[in-house]
Amino acid sequence: MLSEFTVQADPADSYTASETITGSRVAEKIRNLPYTVNVLTSEFIEDFGFVDFGDDFAYTSSFGGYDPGGGSANVRGLAVGKSLRNGFLRIGVVDRGNIDRIEIIKGPSAAVYGEALPSGLINIVTKKPKEKPGYKLSVMGGSRDLVRTDLEATGPLGTSKKTTYLLNASFLEQGYDQPYAQLRTKVLSGVVQHKFNPTTTVSVELEYIDRHNNPVAYVPVARRTVGGTYNGRLATEIAGINWYGPAESTDRTVTTLNATFEHKFNAVWSMRMAANWFTREVSSRNSNVTGGAAPTYQIDGTNAGRLIDRLPAYGTGEEGGAGFQADLTARYWLAQHRLENRTLLTFDYSRYTRTDPQWRAAAGTALNNSGFARIWDPRNPNYTWPTPEAFPTLYTLNRWNDNRTDIYGLFLRHQTAAWKGRAILVGGMRYDFVKEDLKRETEARLGTGPVSRLQRDQDHFTPNIGLNVGVTDSVRAYVNYAESFFVNSQTNTAPVAGGTVDPVNEGGFGWDYGFKASLLDEQLTFTLGGFYIVRQNIRVTDENGDSRRVGSILSRGVELDANWAVTPTFSLLFGGGLNNAAYTEAGQDLDQVGRQMSGVPKESGYLALRKTWKSGRLKGLKVNFGVTYTGETKPFQDRGGIVTTLPDGRRVVASHSGYRDIVIPEYFSTRAGISYGWKPRGSRLNHSLAANFTNLLDDDYIERSRRVVEPFGASLTYTVKY
C-alpha cells in the first residue's frame with residue numbers, strides 16, 4: 001500500500017537490488033530510470049567482511065575512495081563532497097551495523113535533493129523494523145587486533161502488532177600494520193514504527209555514532225634540497241613508518257533524529273512528510289599542517305633521510321543541520337488507460353551550520369624545545385606532542401568561522417509511460433533559494449581586525465529530462481540530461497574584511513546514455529552506458545593572482561555494471577569503467593589543463609563470485625571471492641606548479657617541479673570468504689561461522705590514497721539468529 005515511498009526488499013541472499021528511491025524520491029524500478037543508480041546491499045557488505053568502507057570498497061563502476069569519517073568520495077572522476085542518510089544531508093560517519101543498502105546515484109540528477117556536485121550523491125538507507133520478532137548477535141575477531149560486535153533486535157513492541165521496533169548496537173576496534181594507527185567506532189540506533197492502518201505509517205529513528213581514529217600515515221614525497229625540486233617519486237623507503245606518531249587523532253560524534261509520516265489517501269494520491277536533525281562534534285590533533293603544504297622527505301643535503309615541515313595543530317568544531325521534506329505524489333492513467341502518469345511535487349528545507357576554530361604553530365617556528373620536532377628523523381623518532389596546556393604560546397589561532405546556510409527547495413517531477421511501459425518520459429524542474437550567513441571571526445579574536453560577515457541570497461533552477469525506451473522485451477535504451485548546483489557550505493567562508501566575494505556558486509550539467517538489459521530469463525542483468533559531465537564555476541587563481549570562479553572540469557567515460565545468476569546457487573557481479581576527467585579551464589595554471597584528475601584512474605574494474613549450497617551434504621556452505629582493479633593514478637594535480645611572470649605582468653603556471661609526474665602503479669585488491677550456517681534440529685536458533693580474508697597474495701603496493709596496503713589479513717565471525 002505504501003510502495004510509492006517504500007523500496008521492496010529483494011531476496012535475502014541477493015547482492016543486487018531491483019528498486020531504488022534515490023534520484024526519483026519515490027520507489028522506481030532501476031531498469032526504468034533514464035540514468036544510472038548502483039546499489040550495494042547489506043548482504044554483500046557482510047559476506048565480504050567489510051568492517052569500514054575505504055579504498056577497497058569499489059565494487060561498482062567509477063566509484064571509489066569513500067571516506068566513512070568525512071563522507072567524501074569520488075564518483076566518475078569528480079568529488080562527492082556530501083552524502084545523504086535516508087534522503088537527508090549527512091556529513092560522513094557511517095557504520096555498517098544499521099545499513100540496509102547504499103545507493104549511489106551518478107550524475108547531476110542527484111540535484112533532486114538540492115545542492116549536489118554534478119558527479120552524483122551517496123544515499124545511506126538504514127534498516128527498518130520487521131513485524132516478525134528477530135534477534136541477532138555477531139562477534140568478529142581477526143588480524144591486527146580486529147574486534148567487532150553487532151547486536152540487533154526487531155519485532156512487535158508490546159502486544160500490538162501495529163507498533164514495531166528495531167534496535168542496533170555495534171562496536172568496532174581495528175588496528176593496522178603501521179604502529180599507533182587505530183580505529184574505534186561505537187554505534188547505538190533505534191527505530192520505532194507504528195502502522196495506524198494499511199495506508200498510514202509513522203516512524204521515529206534515533207542514532208548515535210562515536211568514531212575515534214588514529215590515522216595511517218600516507219607516503220610522503222621525496223624532495224631534493226638542491227634547487228628545492230622534487231624527483232618525481234614517493235618516499236617508499238619510509239612507507240611503513242607511521243610518522244604521525246601516537247598523538248595524531250580525530251574524534252567525531254554524530255547524533256541524528258529522524259521522523260517520517262506516510263499516508264496513502266486513495267489509489268491516486270500519496271503523501272510523505274519527514275523531518276531530520278543532526279549534530280556532529282569534531283576534535284582533531286594533526287601534525288602535517290604547514291599552510292597548505294605537506295611534509296616532504298629529504299633525499300639529500302643537511303637533512304637527508306629526514307621528514308621536514310611537520311607542524312602541530314589542533315582544532316574543535318561543531319556541525320549541525322535540520323531538514324524537512326514534504327512529498328506529494330499522484331499515480332493516474334490517461335487516454336483510456338494507455339498512458340500511466342506519475343507526478344511528484346516536493347517542498348524541502350535544509351539548514352547547515354558550522355563552527356570550526358583551529359590553532360596551529362606558525363611555519364618556521366623552532367619547536368624542538370617544546371618536545372616536537374619540525375624536522376623528524378625516522379631513525380631517531382621523537383613523537384612527543386606539545387599539548388596546548390603545556391605550551392600555550394606555541395599555538396596561534398588560525399581559523400574561526402561561524403557559518404549558516406539555509407536552502408528552500410521546490411521540485412516538480414512528472415513521468416509518463418506509454419505502450420505498456422515500452423516508452424517512459426521523465427521531466428523535472430527544481431527551484432532552490434539559498435541564504436548564506438557567513439562570519440569570519442579570526443581577526444577579531446586575534447585583535448587584528450573586525451568580524452567579517454557575508455550575507456547573500458541566491459536562487460538556482462536545475463532542470464532534468466530523460467527518456468527510457470524498450471528496444472526489445474529485454475533491452476532498454478536511456479538518455480538523460482540534468483543540471484546541478486553546489487553551495488559548498490562546508491568550506492564557504494566570509495572573506496577578510498574588504499576582500500572580494502565570489503559572485504556565484506558552483507554549477508554543472510551532464511548527459512547519461514546507454515542500455516539496460518535483462519537477458520537469459522532475467523538471470524543476466526546489466527547497465528552499459530556513457531556519461532559526459534561538466535563541473536563549472538570552480539574557484540581558481542587567475543593570471544592577476546585573484547581568486548575567481550572561472551574554472552571548469554570535463555569528465556567523460558563508459559561504465560558497465562552487471563549481475564549474472566549463472567545457476568540458482570552460483571552468481572557473478574562484475575563491471576568496470578573508463579574515465580577521462582580533467583580541467584578544461586584552470587585560471588593561471590596552464591600546466592594543469594588536460595591532466596587527469598588526481599587520484600582518479602582512467603581504468604578500473606571489479607569481479608565478485610558467490611557459490612552457495614542449498615541441499616546435500618554441503619547444505620549451508622557459502623564461498624565468495626572478490627577482486628578489484630585500479631589503474632595507474634597520479635596523486636597530485638594542484639601541487640608543484642611553478643609560477644612564471646610574463647613580460648606584460650601576467651603570472652601563469654606553465655611548468656611544474658615534478659610533483660605532477662608522480663605515478664602510483666596499477667594494482668589488484670583481493671578478498672575472499674567462506675561461511676557455514678546450520679540450525680540444530682528442534683532449535684529456533686540459526687548459527688553461522690564465517691572466515692574472511694583480505695589481500696590474499698600478501699601483495700605490497702601503494703593505494704591511490706598514497707597509503708600502503710595492509711598485509712594479508714583474516715577474520716572469524718560467529719553469528720547466531722533467532
- Task: Using 0.36 nm per residue of separation minus the Cα-Cα distance, give me the extension gain between Lys29 and Glu389 in nm, one decimal.
- Result: 123.8 nm
- Query: P(r) for region 613-722: what percent of alpha-carbon pairs falls in each 10 Å bin, starting at zero?
  - Reply: 12, 24, 19, 16, 12, 8, 6, 3, 1
- Message: Can you give me the C-alpha center-to-center distance between region 113-138 and region 524-556, rounded to a whole angstrom?
- Response: 29 Å
- Note on the structure: The Cα radius of gyration of region 455-592, divided by 2.2 N^0.38 Å with N its residue count, comes to 1.47
- Task: Give me the aspartates and glutamates in straight-line cross-link reach of Lys619: C-alpha distance below 20 Å, same-chain residues under 8 apart excluded.
- Result: Asp13, Glu43, Glu46, Asp47
- When averaged across all projection directions, what area in nm² does the alpha-carbon convex hull of region 106-167 cover? 7.7 nm²
- Filtered chymotrypsin sites (Phe, Trp or Tyr not before Pro), region 411-504: DSSP coil and at most 11 other beta carbons within 10 Å: Trp419
- Task: At most 15 other Cβ atoms within 10 Å and a DSSP loop assignment: could you name the trypsin sites (Lys or Arg not before Pro) in region 160-256 that fit?
- Result: Lys161, Lys162
- Okay, helix-only estimate at 222 nm for the chain: each DSSP H run of n ≥ 4 adds -39500 (n - 2.57), divide by all residues, round to 500 deg cm²/dmol; what do you get? -500 deg cm²/dmol
- With each pseudo-label sitting 7 Å past Cα toward Cβ, what's the Leu425-Leu334 distance in nm, one decimal? 0.9 nm
- Note on the structure: region 379-457, convex hull of Cα, quarter of hull surface, nm² -> 13.3 nm²
- Modelled FRET efficiency - R0 56 Å, Phe433 with Arg617, Cβ distances, 0.05 increments: 0.30
- Message: Can you report the principal axis dimensions of region 176-312 using only the alpha carbons, biggest first, rounded to whole angstrom?
- Response: 78, 30, 25
- Message: In whole Hz and in residue order, list the ³J(HN,Hα) couplings for region 235-249 that follow from phi through the Karplus curve 6.51 cos²θ - 1.76 cosθ + 1.60, θ = phi - 60°; x for Gly and Pro.
- Response: 7, 5, 5, 10, 5, x, 9, 8, 6, 5, x, x, 8, 5, 7
- Task: For region 374-471, run through the GluC sites (Glu not before Pro) and keep only the ones in DSSP coil with at most 14 other Cβ atoms within 10 Å of their Cβ.
- Result: Glu389
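The numbers here are math on the coordinates, done by the rules we state, and not lab data. Remember, it's a predicted structure, so these values are computed and weren't measured experimentally. Because the Cβ atoms are built from the backbone with ideal geometry, glycine has one as well, and the counts that use them run over all protein chains shown.
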